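Written out below as structure tokens is the structure these notes cover.
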Amino acid sequence: MSSATYRTLLRTPGAAAFFLTATTGRLGIAMTGLGIIWLVHDRTGSYAAAGLVTGGFAVAEALAGPQLARLIDRFGQTRVLPPVLLAHATAVVTLLTLVENGSPRGLLTAAGVLVGATIPQLGALSAARWSALLRGERAASLPTAFALESLGNGLCYLAGPALVTAVGAGSDPAYGMALATALVIGGGLALAAQRGTAPPMSGAAERKGAGRSLRRPGFAVQVGVNLCLGLYFGAMQVSVAAFAVERGAADAPLYMVSNCAGLLAGWLYGLRRWRVAPQLQLAMLSAGLAVSCLPLLVVGSLPEAGLALAFTGMAIPPILVLSSVLTAAAVERAALTQAFTWLNSASAAGSAGAAAMSGRAVDAYGAHGGFAIAAAAAVAMAVPAAVRAHTLRARRIGSGLPPRPPTR
């Protein structure tokens, strides 16, 4: 294993440029939701109003994202991104103006919806560029590229909330929103300017068949996996915070342990070429996540919880990488941006639903009740992954082909 694998990928002409610019924009995206919370609460003094506006932002982002991706698949990143980014900047300015003028909550929520509906999923656009760049003989490098994407995404969502909180606490929350928007606009425009690595536009005949590929069973399983992952994330956010509060401690160290373990696992996973079929890897990792959740049902101290969260955190990045790999294999190129965006939307929907369910479970049974919701989500993810892997293995053997060789 050698980090030269990542260096080799980034030396591919144009790869480092689009990866770094997309990651810059993703840092802004990671800051936006929390930035809205700090901004609205600072101006209104109400967490209820802040939650309402942020909820509208999150729902609109999940619903509108695939529709924007559909336009991008049809007309290309370089043509669609600039007007979308202009609309996003206008929506943020509108929200800032309404907040400063003390507008009613309904108007603030509508502005939050506009902000969410116009924010581009730059991670999906970067993944689509990797898929277009690593085709044919270079397709074996795609898991490593998606592992690199997972690392970039993890770092953004680790640093973004901390950065927007620091800017808001040190000055004015409006500056945090302005910084987040500047990163999104700057990263997005820089990505749009890189025409050489943009996926080529598809013809009418190719687009017609590509839409049907989004209904294939292989892609449906990946949507289900990401929905369950969202349920897991939403339940863990509430449960970890409740566990720390019950013991009079801060929850940040627990999140840090889980995130750092995940970043390490994702980095190591991308360094190796795995000979096990991706479907079987996904089934094994999903089952491992479900098993590693069981200690959380009985942990009683912060060190015990930290150790358990480290093991659960290590399973997440490889699962995300495999989901992207299997999606790229299941969906036609002309619908690939839509497919990656649907995965994000499924995860967001699951997270929103789990936050409400786990909140009730925590109120009734304490933090362990919320951990039970997370464990159930992990089990729900493992079942279809295992069924899909078994089906493909049986089909391969039935056709007279040998099963995949074991890993090294």
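The values are calculated or read from the model by the stated rules, or taken from the named source; none is laboratory data. Keep in mind it's a predicted model, so treat the numbers as computed, not measured. When we count neighbours, we look across all protein chains shown, and the Cβ atoms used for this are built from the backbone with ideal geometry, even at glycine.
Check the stretch 89-103 and report whether any residue there is surrounded by fewer than 21 Cβ atoms within 10 Å (Cβ to Cβ), under 30 Å from Leu148 (Cα atoms) and at pLDDT 90 or above. Yes.
In the set (1) within 20 Å of Val84 (Cβ to Cβ); (2) at pLDDT below 90; (3) under 18 Å from the mean Cα position of the chain (by Cα), the condition left unmet by Pro200 is number (3).
Within the stretch 211-221, is even one residue exposed (fewer than 14 other Cβ atoms within 10 Å of the Cβ) and either in contact with an Asp or Glu (Cβ under 8 Å, 6 or more places away or on another chain) or in a helix (DSSP H, G or I) (or both)? Taking every residue of the stretch 211-221 in turn, at least one turns out to be exposed (fewer than 14 other Cβ atoms within 10 Å of the Cβ) and either in contact with an Asp or Glu (Cβ under 8 Å, 6 or more places away or on another chain) or in a helix (DSSP H, G or I) (or both). Within the set Ala378, Ala364, Ala308, Ala355, the sole residue that is within 23 Å of the chain's Cα centre (by Cα) and more than 29 Å from Ile29 (Cβ to Cβ) turns out to be Ala308.
In this structure, Thr54 does not satisfy being under 14 Å from the mean Cα position of the chain (by Cα), in a helix (DSSP H, G or I), of a type outside the set (Phe, Trp, Tyr) and assigned by TED's automatic domain parsing to the domain that holds Val184. Of the residues making up the stretch 29-46, just one is among the charged types (D, E, K, R) and either surrounded by fewer than 20 Cβ atoms within 10 Å (Cβ to Cβ) or at positive phi (or both), namely Asp42. Each residue in the stretch 264-292 was checked for being modelled with pLDDT of 90 or more and of a type in the set (Phe, Trp, Tyr), and 2 pass. The condition of being assigned by TED's automatic domain parsing to the domain that holds Ala180, more than 28 Å from Pro199 (Cα to Cα) and part of a helix (DSSP H, G or I) does not hold for Ala64.
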